[in-house]
1. May I ask you to list the residues in the range 156-171 that are crowded, with 23+ Cβ neighbours inside 10 Å and in contact with a helix residue (DSSP H, G or I) (Cβ under 6 Å, 6 or more places away or on another chain)?
2. So, Leu74, is that one surrounded by fewer than 20 Cβ atoms within 10 Å (Cβ to Cβ), in contact (Cβ under 8 Å) with a residue 12 or more places away in the chain and either assigned to a strand (DSSP E or B) or not assigned by TED's automatic domain parsing to the domain that holds Asp176 (or both) or not?
3. Kindly provide the set of residues from the range 100-135 that are within 25 Å of Leu37 (Cβ to Cβ), in contact with a helix residue (DSSP H, G or I) (Cβ under 7 Å, 6 or more places away or on another chain), of a type in the set (Val, Ile, Thr) and surrounded by fewer than 24 Cβ atoms within 10 Å (Cβ to Cβ), ordered by number.
4. If I ask for residues that are at pLDDT below 95, assigned to a helix (DSSP H, G or I) and surrounded by 17 or more Cβ atoms within 10 Å (Cβ to Cβ), which ones from the range 295-311 would you list?
5. With respect to Leu69, determine if the residue is touching a strand residue (DSSP E or B) at 6+ places or on another chain (Cβ under 9 Å) and in contact (Cβ under 8 Å) with a residue 40 or more places away in the chain.
6. Of the residues that sit in the range 86-142 and are closer than 25 Å to Gln13 by Cβ and of a type in the set (A, V, I, L, M), which one is modelled with the lowest pLDDT?
7. Looking at His34, His80, which is the one that is touching a Ser or Thr at 6+ places or on another chain (Cβ under 7 Å) and outside the structural domain of Ala324 (by TED's automatic domain parsing)?
Amino acid sequence: MSPPSFDTSAPPQVLLRSGRASYELVKSLGAAHHGELLLARRRYESDFCGYAVIKRPLQDSAGTEHRLLEEGRLTALLHHPNVASVHHLEGPDDTAVLVFEHTPGHRLDTLLEASGRSRLPFTEGFALYVAAEVAEALHHAHTLTDEEGRPLRVVHRDVSPHNLLITEHGAVKLLDFGAASSVLSDEEQRAAPPVSLAYAAPEHVARQALDGRADLFSLGLVLLQLLTGRHLFEGADRFEAERRRRREHALPSAAPTHEAALDAAMQEAVGMAASRELRRRIRAYGHEDLEDALRSVPVAFQPLLRGTLAPEREERFGTGAELARALRLYARRAGLVFGRPEALAEVTGLRYAALRVQAGATPEEVMEDRLLPEEDPAG
């Protein structure tokens, strides 16, 4: 993957200095929980030392710095290959910012969009691989302890395609613990409503106390979507994409015009009505809805989804480790060999197909080309 592009005509804006290291702004990456993400070029004295992602509090959000400190304390304790790591927590003028590793890749929500646009479904092996990798990352977070061995009772609370990254090397990363709850969180954060409503467990929507099984339900929703191309609650993914777009546009900017303010108010009213309807559907979710959804997946796979998407959490897998073992066992029995190289190849092929459709080819033409036999170079 090529390095990020940026404007070299203007002098760089230094976001942060740390000893002899400085971080220069490349571009904004949009809003995140309690802050804004910025891609930064890292320099040690005058030498280029790669890129980093800086998360800083939004200027117009009260209390975001406190929440950012909580996120930094928690993320610094997470050490897993499938979790994006934080380098350090500091900032100018006593303003806290987080500095994360920069991992080039593609978020899963953009890949789902590409799949829908090109009508090219994900393979079962890819879905199993991604879900198993995320399940192991969640198990690490759910079983995290402090330095004295006391459980931190971490719940990510926003396992959604937007927070899952397939890197340029085919690895899977779980991102953004900004909405996570733990014993390090205050009571207000632990009781906060879902951020990504479309991927929230029923008990989360009902504002009940949460444990790791809520994250496994969210992962089950992602897994079902990868396998079938459809969300368990029809239209919920489109609702979530639109809500995320509105949050991105809510970043601090120039004062909106009167017409833009009216339009935003109208969109907000429509969004609130859609949110109420989705909450009602999630609260009413039962076994009949689950069995209807499972008709579109292979019979042998259905027990795995029942173990993640059961309406009652007592009927789900108890831990992420149990789920990961079950997914890998199924893959082994089905003869599916899948890892980083295969994931990278699938993502590359999918993005190429989506770009061809965007350029004017039909999905049928793209699929026909994929099915043609490769030419024999010796022929």
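1. Selection gives His156, Val159, Ser160, Pro161, Leu164, Ile166.
2. no
3. Matches in the range 100-135: none.
4. Across the range 295-311, the qualifying residue is only Phe301.
5. No; evaluated as a whole, the condition is false for this residue.
6. Here the residue is Leu89.
7. When all the criteria are applied, what remains is His34.
Conditions (1) among the hydrophobic types (A, V, I, L, M, F, W, C); (2) modelled with pLDDT under 80, marked per residue:
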| site | (1), (2) |
| --- | --- |
| Ser5 | no, yes |
| Val14 | yes, no |
| Arg17 | no, no |
| Tyr23 | no, no |
| Val26 | yes, no |
| Ala32 | yes, no |
| Glu36 | no, no |
| Tyr51 | no, no |
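The values are calculated or read from the model by the stated rules, or taken from the named source; none is laboratory data. Keep in mind that what you see is a predicted model, and the values were worked out from it rather than measured. Here the Cβ is made from the backbone with ideal geometry for all residues, glycine too, and neighbour counts use every protein chain on show.
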